[in-house]
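Have a look at the structure below before the remarks.
The values are calculated or read from the model by the stated rules, or taken from the named source; none is laboratory data. Note that this is a predicted model, so its numbers are computed, not measured. We place every Cβ from the backbone using ideal geometry, glycine too, and count neighbours over all the protein chains shown.
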Amino acid sequence: MGVEYKDYYKILGVGKTATTEEIGKAYKKLARKFHPDLNQGDKGAEERFKDINEAHEVLKDKEKRRLYDQLGPNWQNGQNFQRPPGFENVRFEFGGMGQGDSGFSDFFEVLFGGKGGSPFSGSFGGGAFDEAGFASGRRRPRKGQDVEVALRLSLEEAFNGGKKTITLTGAPGSAQRSLEVNIPSGVRNGARIRLAGQGNPGSQGGPAGDLFLKTEISAHPLFKLDDADVIYDLHIPPWDAALGARITIPTLSGQVSLNIAPGTGSGKKLRLRGKGLGSGKNKGDQLVRIFVDVAEPDGPETRRLWEALRAACAG
């Protein structure tokens, strides 16, 4: 039976002239997307993850990549495979992980060695490679995966900052754990707070991953957010708009007295510097949007006064 040719460049979504750095970036992006831990029960994702690892194992290595490129996409039958020039001088030794299926394709095995063990261990041309965590048949300590969770905050909590206790729940049946988090004052929506060593545990004695808290600021009854700026809508009667007034309004740091200039119209914005989110030179402001409310006259006397005002202004 023939062995299916696998286009490693297509699997990683890169061109044949891609640099090692570009290959590494493509691999990391796809490995995160199709990792079995994030796609439990999805056999398709599991197979895709194996192909991604296989492609990366070859293309990240200069000599392996050269040999793979020499094989070419026109190879149709693994049983009729002719080793490219120089292949016979390259030595592969796999072992130390026990017998059984390595999880890699027949094409990989035909190209790079037998099924004696994991293709991540052994020697290549006399030089050891063990980036995937294997060396001399033993697993190396590996850092645990990083974890990201949402951190819901009120607007006041984001503005003031301070300590906040959060409760994390893991897999079903696992114990909850509580952490005390220091919220930076002025933290913005979508910011990430890193807690070192609070992610998934490592393996073989490796360190734990990190926990990232992504802030989600809840809607507020008085204020709206525009990036770092806080917006407050102020409704005033027409006489205050015409004559001017001094009005007390709320801010996240307490009430302030705001001066409304005579002749202020609807839609005008007043700015209170440094009353928004952020910090330092990136600290936002509070924007006060003016809305002039004009109600229908509630009686004959009120209508008479409005008509007198209209006559006076028109004349």
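Could you say whether any residue in region 129-147 is at positive phi and modelled with pLDDT of 60 or more? No.
Can you pull out every residue in region 270-282 that is surrounded by 10 or more Cβ atoms within 10 Å (Cβ to Cβ) and more than 18 Å from Gly161 (Cβ to Cβ)? Passing the criteria: Leu270, Arg271, Leu272.
Tell me, yes or no, whether region 187-202 has at least one residue that is over 30 Å from Arg139 (Cα atoms), of a type outside the set (A, V, I, L, M, F, W, C), at pLDDT below 95 and surrounded by 14 or more Cβ atoms within 10 Å (Cβ to Cβ). Looking through region 187-202, at least one residue is over 30 Å from Arg139 (Cα atoms), of a type outside the set (A, V, I, L, M, F, W, C), at pLDDT below 95 and surrounded by 14 or more Cβ atoms within 10 Å (Cβ to Cβ). The residues in region 295-315 that are surrounded by 10 or more Cβ atoms within 10 Å (Cβ to Cβ) and aliphatic (A, V, I, L, M) can be counted, and the count is 3. All told, Leu270 falls short of being part of a helix (DSSP H, G or I) and either touching a residue at least 12 places away in the same chain (Cβ under 8 Å) or among the hydrophobic types (A, V, I, L, M, F, W, C) (or both).
Being over 15 Å from Gly15 (Cα atoms) and either in contact (Cβ under 8 Å) with a residue 60 or more places away in the chain or charged (D, E, K, R) (or both) is the filter here, so list the residues in region 54-67 that pass it. Selection gives Glu54, Glu57, Asp61, Lys62, Glu63, Lys64.
Look at (1) assigned to a loop (DSSP other than H, G, I, E, B); (2) over 23 Å from Gly162 (Cα atoms) and you find that Leu234 fails only one, number (1). The residues on offer are Leu309, Leu252, Leu305, Leu258, and the sole one that is under 21 Å from Ile217 (Cβ atoms) and not assigned by TED's automatic domain parsing to the domain that holds Asn189 is Leu252.
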